[in-house]
1. Could you identify the single residue in 71, 80 that is part of a strand (DSSP E or B), within 30 Å of residue 127 (Cβ to Cβ), in contact (Cβ under 8 Å) with a residue 12 or more places away in the chain and under 13 Å from the mean Cα position of the chain (by Cα)?
2. From (1) surrounded by fewer than 13 Cβ atoms within 10 Å (Cβ to Cβ); (2) within 19 Å of residue 179 (Cβ to Cβ); (3) touching a strand residue (DSSP E or B) at 6+ places or on another chain (Cβ under 6 Å), pick out the condition that doesn't hold for residue 41.
3. Which of the residues belonging to segment 1-33 are in a helix (DSSP H, G or I) and either touching a strand residue (DSSP E or B) at 6+ places or on another chain (Cβ under 7 Å) or touching a residue at least 60 places away in the same chain (Cβ under 8 Å) (or both)?
4. Which residues, counting only those in segment 135-151, are surrounded by 12 or more Cβ atoms within 10 Å (Cβ to Cβ), over 16 Å from the mean Cα position of the chain (by Cα) and closer than 18 Å to residue 9 by Cα?
5. Taking the criterion of being part of a loop (DSSP other than H, G, I, E, B) and either touching a helix residue (DSSP H, G or I) at 6+ places or on another chain (Cβ under 7 Å) or within 22 Å of residue 158 (Cα to Cα) (or both), would at least one residue in segment 59-68 satisfy it?
6. From the set of residues in segment 83-107 that are assigned to a loop (DSSP other than H, G, I, E, B) and touching a helix residue (DSSP H, G or I) at 6+ places or on another chain (Cβ under 9 Å), which is surrounded by the fewest Cβ atoms within 10 Å (Cβ to Cβ)?
7. Please tell me if residue 110 is in contact (Cβ under 8 Å) with a residue 12 or more places away in the chain, in contact with a helix residue (DSSP H, G or I) (Cβ under 8 Å, 6 or more places away or on another chain), on the phi < 0 side of the Ramachandran plot and surrounded by fewer than 21 Cβ atoms within 10 Å (Cβ to Cβ).
């Protein structure tokens, strides 16, 4: 039997990482595939644990070698991508894989892997999301504006997902997403 590919998406600041971290703790046969990125590392992040931090040149070389399942320039000169080999190795060994990626990446994967399970995490409101991003205090005004514009776009694509879960209460949201994944894995 082959593992299932689960994709978690939603706007920046909606709680995807927190949800994913809890799911990994609670679901024994779920492996998180970290993305590669060219964005600068934040103080609390570690290479190979939070992301594979690559230079733009290293990232382009991976593209040229067809090593990505999906990749995208998410923000100006900031690339994100999912390394293909690691994901397929796990899936072929009956390990369920969860990806935390943006909407375009998720929809690109779904085109090629119809069996991928797409779960969209949305905020209770756009104002709520804006407050979360401001309180996170990790972005400049310009980056914050960029993230909010992208969030608007991502929210417009949620109807392409298999499931949409509103994160108005973290514990309830984790429980709902866990139930979705458990049902999909057992089908």
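1. The unique qualifying residue is 80.
2. Just one mismatch for residue 41, condition (2).
3. Result: 16, 17, 18, 19, 20, 22, 23, 24, 26.
4. Across segment 135-151, the qualifying residues are 146, 148.
5. yes
6. Among them, the one singled out is 95.
7. Here the answer is yes, as residue 110 does meet what is asked.
Yes or no, residue by residue, for (1) at pLDDT below 80; (2) in contact with a strand residue (DSSP E or B) (Cβ under 7 Å, 6 or more places away or on another chain); (3) surrounded by 14 or more Cβ atoms within 10 Å (Cβ to Cβ); (4) more than 22 Å from residue 111 (Cα to Cα):
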{"site": "125", "(1), (2), (3), (4)": "no, no, no, yes"}
{"site": "158", "(1), (2), (3), (4)": "no, yes, yes, no"}
{"site": "177", "(1), (2), (3), (4)": "no, yes, yes, yes"}
{"site": "187", "(1), (2), (3), (4)": "yes, no, no, no"}
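The values are calculated or read from the model by the stated rules, or taken from the named source; none is laboratory data. Computed from a prediction, not measured in an experiment: that's the story for all the values here. Please note: Cβ atoms are built from the backbone with ideal geometry, for glycine as well, and neighbour counts cover all protein chains shown.
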